[in-house]
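Before any comments, here is the structure.
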Amino acid sequence: DGDRIVIDGGVYREAVVVEKSVEIIGLNHPLFDGEGQRQIFIIRAAGVSIRGLTFRNCGISFIEDRSAILIDGAQDCTVENNRFLDNFFAVYLAKSAGARIINNVIRGQAASETSSGNGVHAWYCKDITITGNTISGHRDGIYFEFVQNGLVEKNHSEGNLRYGLHFMFSDRCRYLDNTFRQNGAGVAVMYTKNVEMHHNRFEENWGSAAFGLLLKDITDSEIRSNLFLGNSIGIYAENSNRLEISGNDFLENGWAVKIMSNSMDNHFSGNNFIANSFDVATNSRHNFSRFEKNFWSGYRGYDLDRDGYGDVPFHPVRLFSMMVAQNPPALVMMRSLLVDLLDLAESVFPLLTPETLVDEKPLMRRRP
């Protein structure tokens, strides 16, 4: 225990099982090649560090979750400044605590969901840190299941087959300053409470089933100061309750927010809604969330008392968005004179759009 092992550049085709607390350092990025046949590193000891190695081609398996590095029940391990190329799973954490996955480059060539694994996969873990990694070409960039007290920070997850980030049953985790761009279905977070998502970028996740951020059964969480840019849907919320969604920028999305009627006691405040095709959509005339003091680029009210807030409430749900929800081909009529007249009539005499989904004090100027 406690020794340092230095590995010089070259190609190594051995499987390695680490059962002692050692530091493994690569010079000139030695390459460990799984030859498409095996796990490459299996770590079963606490306090192991792996730095400066390249891992390639552990191979696809439909029997086991085969990975370049498996941290199996070990505590306080570090995987830092490595490269992972064309692996099934790159880093797999199982029943581990205190792991740190830092500044790695993880690239896959996922062709289908069934024949690809995740970039960083954590199962039944706690107190783990995933920071500064660049992840692409996998099924999910980062995947958490039954993780407690995790930190995901300053990662770049782009071009993954399904989700840039996907987590379930993972309470009290924080997601800060990450970028999730051009992933097949965006980001999905499910069945979790006490989540913090601050200063992230959700960009260009576009498709018929793609979301900037999908919230399903999320409770008592904060979504603050994020950017949602160019997504099919910025935020989709289903059965998600007591969320604080504030200080975010929703720019040029198809739908900025879709919130289902079974989502309750959510608070939207201080957000910028700018140049979205539809700002807000819902599936019911009844609304159980609050919208206040947001900026809406489509607002045409006035501010006679000059307090910075519009004197006329803003109803962000357009009649046409409800028509599209019932009949998607109707989108071809968007920006037509008929649609503009329908929305104008509904704004003057709101009969079909939700009466209670209203911003009583819309901001007159965009929040900086």
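All of the numbers you see were taken from the coordinates with simple rules; none came from a lab. What you see is a predicted model; the values in this text were computed from it and never measured. Using ideal geometry, Cβ is built from the backbone for each residue, glycine included, and neighbour counts are taken over all protein chains shown.
In order along region 230-237, the Karplus-derived 3J(HN,Hα) couplings, from 6.51 cos²θ - 1.76 cosθ + 1.60 at θ = phi - 60°, round to x, 9, 4, 9, x, 10, 10, 10 Hz, and Gly and Pro are given as x.
How do 4-11, 122-129 rank on mean C-beta neighbours within 10 Å, highest first?
Working: 4-11: 11.4, 122-129: 19.8.
Answer by packing, highest mean first, reads 122-129, 4-11.
Put in line by how crowded their Cβ is, counting other Cβ atoms within 10 Å and starting with the fewest, Ser289, Ser112 read Ser112, Ser289.
Highest mean first, how do 173-180, 31-38 rank when packing is the count of other Cβ atoms within 10 Å averaged over residues? Don't skip to the answer; put the middle values down first.
Details: 173-180: 21.0, 31-38: 17.2.
Packing order, densest peptide first, comes out as 173-180, 31-38.
Answer rounded, prolate or oblate for region 1-184, using the Cα gyration tensor with square roots of eigenvalues a ≥ b ≥ c: rounded when a/c is under 1.5, else prolate when a/b is larger than b/c, else oblate.
Values: a/c = 1.55, a/b = 1.19, b/c = 1.30.
Oblate, because a/c is 1.5 or more while a/b does not exceed b/c.
Panel order for Asp3, Asp359, by other beta carbons found within 10 Å of each beta carbon, from fewest to most: Asp3, Asp359. With contacts taken as Cα pairs under 8 Å and at least 6 residues apart, region 1-184 reaches a relative contact order of 13 percent.
From least to most packed, judged by other beta carbons within 10 angstrom and beginning with the fewest, Leu215, Leu243, Leu227 follow the order Leu227, Leu243, Leu215.
Helix 337-348 and the long axis of the chain differ in direction by around 70°, with both axes built from C-alpha atoms. Each of Arg51 and Met168 was given a label point 7 Å from its Cα along the Cα-to-Cβ line. The distance between the two points is 3.7 nm.
Note the full-extension length gain between Glu222 and Glu35 as 0.36 nm times their separation in residues minus their Cα-Cα distance, in nm to one decimal.
Values: separation 187, 0.36 × 187 = 67.32 nm, distance 4.41 nm.
Between Glu222 and Glu35, full extension yields an extra 62.9 nm.
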